[in-house]
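These notes are about the structure you will find just below.
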Amino acid sequence: MVRWNYDPNNVATSFEMVPEGVHRVRIAKAEDDKPTSKTGEPMITLTLDVSGYNGTLKFWIPFLSANPGITNARLKEMAEGFGCQVDDGQGGVPFKTWIGKIGVVEVEHVPQQKDPSKMAAQIKRVIPFAEARELSLPNWQEPGQPKVAAPSMNAPGPMPMGQPAYPQQPGPMPQSYRNSMPNAAGQGYSV
């Protein structure tokens, strides 16, 4: 049995939404439990953790036999943005091997379908490795850790010259988080 002190006066009425902008994300779940999309065809649902936030994002890959270009575009995003293997050589998509892969996405806020007066965070696009390398994003932060923020320009006291302005220096991910899936030229991907 779980022990809990229920307090009906202390309930969350809203949750922190992932802000718009560019974020590092990590694939936490890859499922095909909902075997069909709105069209009745197979679909993969990915749940992505967002660096520094408790919220998650969803990314869907529908397998549309009538429009394979849409499916192939989504799979290409996974290969180029996360270093995921998208073809097992036998006509299958080894999506369970994607769990733990880190990539970069751009997030936008859009009206919710059920209640257009409320906003929801969604993935606008997956950013390919080649472009993500050019961004200066903070290193990965586990959800729940204090967010790394730039010091105020008017903060009291001098800022040491030549020292990083952040506790964690922005830049590439640590080696332990890098994706090592080789591309067609046999080169490893890294962000």
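The values are calculated or read from the model by the stated rules, or taken from the named source; none is laboratory data. Model, not experiment: these values are computed from the prediction. Heads up, the Cβs are rebuilt from the backbone with ideal geometry, glycines too, and the neighbour counts pull from every protein chain shown. Please note that ligands, DNA and RNA were not included when accessible areas were found on the heavy atoms of the full protein model with its side chains. Shrake-Rupley method; radii C 1.70, N 1.55, O 1.52, S 1.80 Å.
Couple of notes before you dig in:
- Probing with 1.4 Å while keeping every protein chain in the model, the per residue accessible area of region 1-143 equals 61 Å².
- A viscosity of 1.002 mPa s and a temperature of 20 °C, combined with the Kirkwood radius over C-alpha pairs in the Stokes-Einstein formula, give region 1-130 a diffusion coefficient of 130 µm²/s.
- From most to least packed by mean Cβ count within 10 Å, the peptides 27-33, 103-109 give 103-109, 27-33.
- Taken about its Cα centre, region 31-121 carries a charge dipole of roughly 200 debye when the Cβ of each Lys and Arg holds +1 and the Cβ of each Asp and Glu holds -1.
- Peptides 69-76, 4-11 ordered by average Cβ neighbours within 10 Å, highest first: 69-76, 4-11
- With R₀ set to 30 Å, the beta-carbon distance separating Arg125 from Tyr6 gives a calculated FRET efficiency near 0.10.
- Of the solvent-accessible surface of region 17-123, computed with a 1.4 Å probe and all protein chains present, 52% belongs to carbon and sulfur.
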